[in-house]
Amino acid sequence: MSARPPLPTRYAGPGASPGFLLWRVTNAWQRAVREALKPLGLTHTQFVVLAVATWFEGNDALTQARLAELSGGDVMTTSQVVRALVHAGLLARAPHPTDSRAHAVSVSRAGRALARRAVRAVERADERFFAPVRRERATVMRAFRLLAADGARD
């Protein structure tokens, strides 16, 4: 009499599933980043939006939709985060110069200063987190880029 497996899976267990391992890695990395940003008063999503806005500011009038696209987030979440960052004095919104339906997003002086501090904190957290795979960095980055590109095509 053979025992039926508890789940209809091809894997011997969760540790053999790439999706489950990615879930675990992602959660652990997000915890590390949250801890790095906590003293700065930023959530991870706020950091991403602020950093992307700072990085791309000045290339053209940056809209919330473009900010969502550049950060890989959805438009509604980006809108809420932009609103919170405007309220905190880190971003500003003004009428878009060519699209009357959109707002141009800009980074305040305080926002740029906080973005610089936050990037240093997150990069230190990344350095610690990814230290076990430091020698495989090029391979890990290549895999991340492949996975990110594939996800963008969906």
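The values are calculated or read from the model by the stated rules, or taken from the named source; none is laboratory data. Just so we're clear, the structure is a prediction, and the values are computed from it rather than from any experiment. Using ideal geometry, Cβ is built from the backbone for each residue, glycine included, and neighbour counts are taken over all protein chains shown.
Look at Arg134 and say whether it is more than 17 Å from the chain's Cα centre (by Cα), of a type outside the set (Phe, Trp, Tyr), under 21 Å from Arg24 (Cα atoms) and part of a helix (DSSP H, G or I). Walk me through it before giving the result.
Numbers: more than 17 Å from the chain's Cα centre (by Cα): yes; of a type outside the set (Phe, Trp, Tyr): yes; under 21 Å from Arg24 (Cα atoms): yes; part of a helix (DSSP H, G or I): yes.
So Arg134 fits the description; yes.
Pick from the range 99-143 the residues that are touching an Asp or Glu at 6+ places or on another chain (Cβ under 9 Å) and β-branched (Val, Ile, Thr): which of them is farthest from Ala65 (Cα to Cα)?
For the range 99-143, the residue satisfying everything is Val107.
Could you pull out every one of the helices (runs of 4 or more DSSP H) wholly within the range 34-92 that has 3 or more residues that are among the β-branched types (Val, Ile, Thr), at pLDDT 95 or above and under 19 Å from Leu114 (Cβ atoms)?
Values: elements: 44-56, 64-71, 75-87.
Qualifying helices (runs of 4 or more DSSP H): 44-56, 75-87.
Taking the condition assigned to a helix (DSSP H, G or I) and touching a residue at least 12 places away in the same chain (Cβ under 8 Å), does Trp29 pass? I'd like the intermediate steps shown before the answer.
Details: assigned to a helix (DSSP H, G or I): yes; touching a residue at least 12 places away in the same chain (Cβ under 8 Å): yes.
For Trp29, the condition - assigned to a helix (DSSP H, G or I) and touching a residue at least 12 places away in the same chain (Cβ under 8 Å) - is met.
Being at pLDDT 95 or above and surrounded by fewer than 14 Cβ atoms within 10 Å (Cβ to Cβ) narrows it down to one of Pro97, Pro132, so name that one. First the steps, then the outcome.
Details: Pro97 fails: at pLDDT 95 or above.
Answer to the selection: Pro132.
In the set Ala125, Ala92, which member is among the aliphatic types (A, V, I, L, M), more than 20 Å from the chain's Cα centre (by Cα) and surrounded by 14 or more Cβ atoms within 10 Å (Cβ to Cβ)? Explain how you work it out, then say what you get.
Details: Ala125 fails: more than 20 Å from the chain's Cα centre (by Cα).
Only one candidate passes the filter, namely Ala92.
Given (1) polar (S, T, N, Q); (2) surrounded by 12 or more Cβ atoms within 10 Å (Cβ to Cβ); (3) under 27 Å from Leu22 (Cβ atoms); (4) at pLDDT 95 or above, where does Thr139 come up short, assuming only one miss?
Looking at each condition in turn, Thr139 falls short on (2).
Test Ala104 against the criterion of being within 22 Å of Gln80 (Cβ to Cβ) and in contact with a Ser or Thr (Cβ under 7 Å, 6 or more places away or on another chain), and give yes or no. Give the derivation first.
Numbers: within 22 Å of Gln80 (Cβ to Cβ): yes; in contact with a Ser or Thr (Cβ under 7 Å, 6 or more places away or on another chain): yes.
Yes, satisfied.
Given Leu22, Leu85, which one is without any contact (Cβ under 8 Å) to a residue 24 or more places away in the chain and of a type in the set (A, V, I, L, M)? Talk me through it step by step, then tell me what you get.
Numbers: Leu85 fails: without any contact (Cβ under 8 Å) to a residue 24 or more places away in the chain.
Answer to the check: Leu22.
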